[in-house]
Amino acid sequence: MLILTLLAGLSGCASTPVATYDLSATDTVLASGHAARPAHGALAVSVPSAISLIDSQRIVVRTKADLAYLKGAQWSGRLPELLQKRLIESFEKSRRLESVGPRGVDAKYTLETDIQRFEADVTRNTATVEIYARLLGTGGQIIAAQDFIGEAPEPHDDGATVSAALDQALAKVLRKIVVWTVTKV
């Protein structure tokens with residue numbers, strides 16, 4: 001669920017209210033064969049890497065000319081840390097792993113991710129989330145890697161609509177990542 005909080009000040013402008021939005025973890029329903037199997041495996045989730053434009057609290061929009069930040073809106077935290085938290089929560093909700101936590105916890109597997117795109121394209125009225133994931137085993141060897149993309153319609157360019165559309169696109173990606181990872185652990 002999106003959480004909206006009005007905060008004062010962005011870039012030193014105390015008179016401009018900034019709406020702050022959060023992202024949601026997702027519930028993932030696994031196929032019947034996976035649901036019957038007891039929870040197993042331990043997973044550490046690294047903070048996702050991202051280019052500097054995305055590695056912030058600001059919400060990114062794509063126009064015909066370039067990428068920019070959405071005025072008057074921001075995420076509740078830096079996007080990579082927010083995504084790490086939502087990935088961990090999504091794995092916890094799936095109940096398919098014995099344990100999951102941030103990198104540094106004792107785990108046989110590590111999930112590393114790169115945020116490729118996390119933007120609202122105002123020319124196409126579409127929110128797009130693209131995350132590249134690598135599942136590493138003990139010793140850092142790559143067990144599997146895959147690109148995950150989710151899109152959602154984004155009919156307006158206001159903070160509430162854009163953040164909701166990006167949350168919907170992210171939910172699709174989180175579900176795919178959870179199912180993909182659980183089948184390999």
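Side notes on the structure shown:
- Degrees separating the helix 79-94 axis from the principal Cα axis of the chain, which is the longest one: 40
- Once the Cβ-Cβ distance of residue 160 and residue 40 is raised to the sixth power relative to R0 = 41 Å, the FRET efficiency obtained is 0.55.
- Selection from 67, 45, 179, by position along the positive dipole direction of the chain (Cβ): 179
- Ordering 113, 76, 88 by the projection of their Cα atoms onto the charge dipole of the range 54-128, which places +1 on the Cβ of Lys and Arg and -1 on the Cβ of Asp and Glu, puts 76 at the extreme positive end.
- For the chain, averaging the sequence separation of C-alpha pairs within contact (under 8 Å, six or more residues apart) and dividing by the residue count gives a relative contact order of 23 percent.
- Once the Cα atoms are used to define both axes, helix 159-184 deviates from the longest principal axis of the chain by about 10 degrees.
- The listed peptides 151-162, 172-183, 117-128, ordered by packing as a protection proxy, come out as 172-183, 117-128, 151-162 (highest mean of other Cβ atoms within 10 Å first).
- Inter-site label distance for residue 146 and residue 81 at 7 Å from Cα along Cβ, in nm: 3.0
- Net +/- balance of residues flanking residue 90 in space, Cβ distance below 9 Å, scoring K and R +1, D and E -1: 0
- Eigen-decomposition of the gyration tensor built on the alpha-carbon atoms of the range 53-179 gives equivalent ellipsoid semi-axes of 29, 14, 13 angstrom, largest listed first.
- Ranked by how many other beta carbons lie within 10 Å on average, peptides 100-106, 139-145 from highest: 100-106, 139-145
- Cβ charges +1 (Lys, Arg) and -1 (Asp, Glu), total dipole of the chain, debye: 420
Values quoted throughout were computed directly from the atomic coordinates according to the rules given, and no laboratory measurement underlies them. Just so we're clear, the structure is a prediction, and the values are computed from it rather than from any experiment. Heads up, the Cβs are rebuilt from the backbone with ideal geometry, glycines too, and the neighbour counts pull from every protein chain shown.
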